[in-house]
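**Q** First the structure, then my questions, so here it is.
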Amino acid sequence: MPESVADGGMADAERDILAELEKALSEHIALILRWNRKLMLPDSPSPSEHEEDDHDCDFGAWYALNRHNRLIDQPAMHALATTHQQLHDSARRLLSAREVDGEIDSAEFDMMALRAESFFAQVRRLERAFRTARSDVDPLTGTYNRQTMLGDLNAERERSIRTGVPTAIALVDLDHFKSVNDTYGHQAGDLVLQSVAGILQSHVRPFDKVYRYGGEEFLICLPNADMKQCARVLERLRRVIEASPVTISDTTNLPVTASIGAAPMTKSRTVEQIIEKADQALYAAKEGGRNRVRVWRNPDGKAPASKSATSKSSG
């Protein structure tokens with residue numbers, strides 16, 4: 001049963017809203033997977049023991065209950081509620097037509113996909129806005145800061161275990177970053193960090209999260225991604241970073257590359273242990289020549305997988 005936003009103060013209300021946005025995100029990832037399965041494989045059994053309603057989510061009821069709260073009664077939240085309704089309406093039309101005539105309207109399917117992407121992106125923007133108000137965002141890069149990271153990752157790990165949906169953690173480390181500060185100064189280093197942070201946030205999927213892990217290192221949480229999908233997303237990020245030199249003066253464009261290591265979330269390992277595995281994969285990427293991706297496909301193995309995505313060494 002949806003609850004009203006806490007009346008105990010601004011911090012409590014912001015916390016409740018963030019929790020509801022995160023819940024809406026995970027619920028709709030699961031819903032979209034269920035809708036797609038029903039559309040593509042209508043005769044397949046439900047993965048759960050008890051088939052859930054095709055539109056079983058709490059966000060609409062929560063919004064209706066809280067829409068007049070001063071933190072929620074604002075254009076961005078109203079727009080999110082509208083996109084949410086449009087997403088469910090598209091899914092209803094698709095599922096109804098599939099049951100009646102066995103056909104899938106490709107235009108409607110594309111519209112549902114676009115509305116899902118918009119919903120996820122709007123949720124993330126709102127989360128960032130509320131987290132900024134709570135000082136949960138790194139002021140230099142605009143990514144989430146390390147203080148919020150462990151709580152978020154533990155919640156994501158619990159969700160992954162509960163739903164059985166794979167999730168991964170990746171560490172992104174900028175190559176030779178110390179030489180940037182030593183040669184061009186810390187202001188140039190800050191420009192590089194801001195540029196890479198912008199790339200990471202704009203090129204990950206809408207439901208991924210980027211954190212400033214420390215120094216020149218970022219951590220990315222990738223829900224709903226097995227290690228093959230994870231490697232594909234991270235290789236795309238690596239290529240965009242490599243193809244995006246940073247302008248630090250009228251005459252200087254500084255090439256930037258990154259080494260990336262990733263590991264899957266597992267029931268048998270804590271978040272700290274999973275980060276350690278990602279760090280070991282990152283070390284393998286550095287040892288392998290930098291400017292490449294290494295993923296830990298077997299979390300109980302002794303070394304990162306040798307067939308992870310790679311690129312030419314940065315030298």
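**Q** Scan the range 67-104 for residues that are in contact with a helix residue (DSSP H, G or I) (Cβ under 9 Å, 6 or more places away or on another chain), outside any loop (DSSP other than H, G, I, E, B) and of a type in the set (Val, Ile, Thr) and jot them down.
**A** Thr83
**Q** Would you confirm whether any residue within the range 129-138 is of a type in the set (Ser, Thr, Tyr) and under 17 Å from the mean Cα position of the chain (by Cα)?
**A** Scanning the range 129-138, I find no residue that is of a type in the set (Ser, Thr, Tyr) and under 17 Å from the mean Cα position of the chain (by Cα), so the answer is no.
**Q** Taking only the range 139-150 into account, find how many residues are surrounded by 20 or more Cβ atoms within 10 Å (Cβ to Cβ) and either over 15 Å from the mean Cα position of the chain (by Cα) or within 19 Å of Lys23 (Cα to Cα) (or both).
**A** 3
**Q** Considering each residue of the range 180-198, count those that are open to solvent by less than 20 Å² (accessible area, probe 1.4 Å) and either without any contact (Cβ under 8 Å) to a residue 60 or more places away in the chain or not assigned by the TED database to the domain that holds Thr247 (or both), and give that number. Write out each step before concluding.
**A** Step one: list which residues in the range 180-198 are open to solvent by less than 20 Å² (accessible area, probe 1.4 Å), which gives 180, 188-189, 192-193, 196-197.
Right, trim to either without any contact (Cβ under 8 Å) to a residue 60 or more places away in the chain or not assigned by the TED database to the domain that holds Thr247 (or both) and you get 189, 193, 197.
Summing the residues that are open to solvent by less than 20 Å² (accessible area, probe 1.4 Å) and either without any contact (Cβ under 8 Å) to a residue 60 or more places away in the chain or not assigned by the TED database to the domain that holds Thr247 (or both) in the range 180-198 gives 3.
**Q** Okay, moving on. List pairs: first in the range 29-46 and open to solvent by 40 Å² or more (accessible area, probe 1.4 Å), second among the polar types (S, T, N, Q) and modelled with pLDDT of 85 or more, Cβ under 7 Å, 6+ apart or cross-chain?
**A** Ala30/Thr163
**Q** Something else now. Free of Cβ contacts under 8 Å to residues at least 40 places away in the same chain, in the same structural domain as Leu254 (by the TED database) and among the basic types (Lys, Arg): does that describe Arg212?
**A** no
**Q** Applying the selection to the range 199-243, what residues are farther than 17 Å from Glu22 by Cβ, among the aromatic types (Phe, Trp, Tyr) and open to solvent by 10 Å² or more (accessible area, probe 1.4 Å)?
**A** Listed by number, the list holds a single entry, Tyr213.
**Q** If the requirement is being open to solvent by 50 Å² or more (accessible area, probe 1.4 Å), at pLDDT 90 or above, over 30 Å from Ile17 (Cβ atoms) and outside any loop (DSSP other than H, G, I, E, B), which of these qualifies: Ala64, Ala107?
**A** Being open to solvent by 50 Å² or more (accessible area, probe 1.4 Å), at pLDDT 90 or above, over 30 Å from Ile17 (Cβ atoms) and outside any loop (DSSP other than H, G, I, E, B) holds for just one of Ala64, Ala107, which is Ala107.
**Q** Here's something else I'd like to know. Name the residues in the range 191-234 that are assigned to a loop (DSSP other than H, G, I, E, B) and within 15 Å of the chain's Cα centre (by Cα), would you?
**A** If the condition is that a residue be assigned to a loop (DSSP other than H, G, I, E, B) and within 15 Å of the chain's Cα centre (by Cα), then Val204, Arg205, Pro206, Phe207, Asp208, Asn224, Ala225, Asp226 are the ones that fit.
**Q** Related question: Would you mind stating whether Pro166 is in the same structural domain as Ala263 (by the TED database), at pLDDT below 90 and touching a helix residue (DSSP H, G or I) at 6+ places or on another chain (Cβ under 8 Å)?
**A** No; evaluated as a whole, the condition is false for this residue.
**Q** Looking only at the range 235-248, how many residues end up being closer than 15 Å to Asn181 by Cα and either assigned to a loop (DSSP other than H, G, I, E, B) or free of Cβ contacts under 8 Å to residues at least 60 places away in the same chain (or both)? Let's see the steps before the verdict.
**A** Let us first name the residues in the range 235-248 that are closer than 15 Å to Asn181 by Cα, namely 246-248.
Filter once more, so that each one left must be either assigned to a loop (DSSP other than H, G, I, E, B) or free of Cβ contacts under 8 Å to residues at least 60 places away in the same chain (or both): 246-247.
Here the count works out to 2.
**Q** Scan Arg98, Arg131, Arg125 and give me the residue that is open to solvent by less than 80 Å² (accessible area, probe 1.4 Å), out of contact with any Phe, Trp or Tyr (no Cβ under 8 Å at 6 or more places or on another chain), in the same structural domain as Lys23 (by the TED database) and of a type in the set (D, E, K, R).
**A** Details: Arg131 fails: out of contact with any Phe, Trp or Tyr (no Cβ under 8 Å at 6 or more places or on another chain); Arg125 fails: open to solvent by less than 80 Å² (accessible area, probe 1.4 Å).
On inspection, the qualifying residue turns out to be Arg98.
**Q** Taking the range 1-28 as the search range and keeping residues that are at pLDDT 70 or above and of a type in the set (Asp, Glu), which one is surrounded by the fewest Cβ atoms within 10 Å (Cβ to Cβ)?
**A** Asp12
The values are calculated or read from the model by the stated rules, or taken from the named source; none is laboratory data. For clarity, every value in this text was computed on a predicted model and none was experimentally measured. So basically every Cβ, Gly included, is an ideal-geometry build from the backbone, and we count neighbours across all protein chains shown. Note: areas computed on protein heavy atoms with side chains; ligands, DNA, RNA excluded. Shrake-Rupley method; radii C 1.70, N 1.55, O 1.52, S 1.80 Å.
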